[in-house]
Amino acid sequence: MSNHLTKYLVCYDICDSKRLRRVHRLIRDWGVPIQFSIFEIEVNSGQFEQLRAELTDLINGAEDKVMFYRLSPEQDRICLGVSVQTEDLLFV
């Protein structure tokens, strides 16, 4: 297992509210929330496979969608408007 960390933007669209809460809690444990259904995570290959497996078990593949976008390590976040704040975020 590699210790090299890779950044991903994780976006999801979950149809069922119960599954949505479970997916949100799982991804929240791995990353920084950008918006309710968008997170930035930084994981090694083993952690990435673990997260993928856990998400595969949680979602309904016929209805739900989870997407991972690999982010370039040298690319800083560009934010227009209100900046992303990681403190005091509350998602229901």
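What value, in deg cm²/dmol to 500, does the helix sum -39500 (n - 2.57) over DSSP H runs of n ≥ 4 give at 222 nm once divided by the residues of the chain? Intermediate results must be reported in sequence, preceding the final value.
Working: 2 runs with 26 residues, N = 92.
Calculated at 222 nm, the ellipticity per residue is -9000 deg cm²/dmol.
Decide, for the chain, between rounded, prolate and oblate: order the square roots of the alpha carbon gyration tensor eigenvalues as a ≥ b ≥ c, take rounded if a/c falls under 1.5, and otherwise choose prolate if a/b is larger than b/c, else oblate.
Details: a/c = 1.87, a/b = 1.12, b/c = 1.67.
Since a/c reaches 1.5 but b/c is at least a/b, the shape of the chain is classed as oblate.
Extension gain Asn3-Ser45, at 0.36 nm per residue separation less the Cα-Cα distance, in nm?
Details: separation 42, 0.36 × 42 = 15.12 nm, distance 0.75 nm.
Fully extending the segment from Asn3 to Ser45 adds 14.4 nm.
Only the coordinates and a few stated rules stand behind these numbers; no lab work does. The model shown is predicted, which means the values in this text are computed figures rather than measured ones.
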